[in-house]
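> Mind having a look at this structure? Questions to follow.
Since every read-out is calculated from the coordinates, none of them should be taken as a lab result. Nothing here was measured: the structure is a model prediction, and the numbers come from that model. Here the Cβ positions follow ideal geometry from the backbone for every residue, glycine too, while neighbour counts run over all protein chains shown.
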Amino acid sequence: MKLDETAESIRTMNIRGAGLIARSAAEALKELAEEYDGESLIEFTEILNKGRDTLVNSRPTAVSLWNAVQATLKNVKNAEDVTSLKETVSRDADIFISNSKKAVETIGRIGANRIKDGDVVLTHCNSKAALSVIKTAYEQGKNISVYATESRPWKQGLLTVKDLSDAGIPVTMIVDSAVRWIMKEIDIAVVGADTICSNGALINKIGTSQIGLAAHEARVPMMVCAESYKFSPKTMEGEIVEIEERDTSEVAENLPPNVRIRNPVFDSTPAEYIDCIATEIGLISPYAAYEVIVNKLGHECLFETEG
Ligand code: RI2
């Protein structure tokens, strides 16, 4: 797939889920690099930078996309010729993709240790990291069942219930507004992440914060499942995460013309409602987000936030 097609697929949500978006962006940059047949390092670098901007502008909220292009292009400035630049982009893309896949598996193993035999789990939207945790707990022989929200307006919950049911896990779908009512039956809420801010706040699918609020009220722990590239270096500089608002036709059509619709698709859950974050480098407190950004993503990506 050409880079422009990948960017369009991300925009239209044919490619979706913060982890898959990240891996697809790395792959798109790798292919862009491999297909360059000129001899100018300057021209080649410009093409890569343009490709980076096209990808980053396709969806604004998930920092996984930004971190993926940073990781893939991190050695561009050191390349001395076209051949070595091709090799470096290709290698760094492969490393990112492979680490990303391994991270989802490791998170499954670590997060599953927080799920007990007999637990009733609540999940939201369709997160591969959260599903990795739930499926690993089930594969460990734990007798669990899952409530999955529908996740309006895109109804990613339908993907989640299909996946869990294919794995043999008892699953019940609820509408998003049933979350607080069902909370009395829930032992643990397990959700994914699009972005984690330096203050530990979680940006995830719209409705996640009401799960956090209801879980906190009911003293139900909420575990977030997030690869380290879901943590945002940009928030270290005080940048506010842009909450994507998508086309209103996704919510409803054919309403009277004087009815306004809004379609924000992410929200922010404060750190105080989050029990723990399962990452590939361990189970952490949301208040350790700063350390993850500095120690795992590295100082060099801080304050290099252009693009
Ligand atoms: P994984 C999704 O966003 C959901 O918000 C989900 O929780 C998050 O990405 C992380 O997904 P969207 O792309 O990376 O459906 O865990 O808007 O798969």
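> Kirkwood hydrodynamic radius, computed over distinct alpha-carbon pairs, for the chain: how many Å, to one decimal? Walk me through the intermediate numbers first.
Numbers: mean 1/r = 0.0501 Å⁻¹.
For the chain, the Kirkwood estimate is 20.0 Å.
> Only residues of the range 186-222 count here: report those whose backbone N is under 19 Å from the spot 7 Å along Cα→Cβ of Asn99, or say none.
Under cut-off, by backbone N: 193-198.
> Gain in length, Ala252 to Glu5, computed as 0.36 nm per residue apart minus the alpha-carbon separation, to one decimal in nm? Working shown, then result.
Numbers: separation 247, 0.36 × 247 = 88.92 nm, distance 2.71 nm.
Working it through step by step, the gained length comes to 86.2 nm.
> To continue, here is another question. If the reach is capped at under 20 angstrom between alpha carbons, list the aspartates and glutamates near Lys2, excluding any in the same chain fewer than eight residues apart.
The reachable aspartates and glutamates, counting only those whose Cα sits under 20 Å from Lys2, are Glu27, Glu31, Glu34, Glu35, Asp37, Glu43, Glu46, Asp53, Glu87, Asp92, Asp94.
> Could you check the spin-label model distance between Glu245 and Trp181? Points 7 Å from the Cα along Cα→Cβ, value in nm.
If labels sit at Glu245 and Trp181, their model points lie 3.0 nm apart.
> Check every DSSP H run in the chain and write down those whose alpha carbon atoms cover 27 angstrom or more along the long axis and whose mean Kyte-Doolittle hydropathy is -0.5 or greater.
Values: long enough: 82-112 (45 Å, -0.05).
Length and hydropathy pass: 82-112.
> So if we plug the beta-carbon distance of Leu158 and Ile281 into 1/(1 + (r/R0)^6) with R0 = 41 Å, what FRET efficiency do we get, rounded to 0.05?
Values: r = 32 Å, r/R0 = 0.78.
Once rounded, the FRET efficiency stands at 0.80.
> So what is the relative contact order for the chain, in percent, with contacts set as C-alpha pairs under 8 Å and at least six apart? Provide the component values of the computation, followed by the final result.
On the way: 585 pairs, mean separation 53.3, N = 307.
Dividing the mean separation by the residue count of the chain yields 17 percent.
> Another question, then. If you take the C-alpha gyration tensor of the range 91-228, multiply each eigenvalue by 5 and take the square root, what semi-axes do you get, largest first, in whole Å?
Details: eigenvalues 103, 64, 43 Å².
Three semi-axes, in Å: 23, 18, 15.
> Using the basic label-point model (7 angstrom from Cα toward the beta carbon), what is the Leu41 to Arg91 distance in nanometres?
About 1.6 nm separates the two model spin labels.
> Would you list Leu131, Leu202, Leu159 from fewest to most Cβ contacts within 10 Å?
Numbers: Leu131 25, Leu202 29, Leu159 17.
Ranked by crowding around the Cβ, least crowded first: Leu159, Leu131, Leu202.
> Let me ask something else. By per-residue mean of other Cβ atoms within 10 Å, what is the highest-first order of 1-8, 54-61?
On the way: 1-8: 17.1, 54-61: 19.2.
Going from most to least packed, we get 54-61, 1-8.
> Using Cα pairs closer than 8 Å and at least 6 residues apart in sequence, work out the relative contact order for the range 56-178, in percent.
Working: 151 pairs, mean separation 22.4, N = 123.
Taking the mean separation of contacting Cα pairs over the length of the range 56-178, I get 18 percent.
> Between the range 151-181 and the range 32-103, how far is it from one alpha carbon centroid to the other, in angstrom?
One Cα centre to the other: 36 Å.
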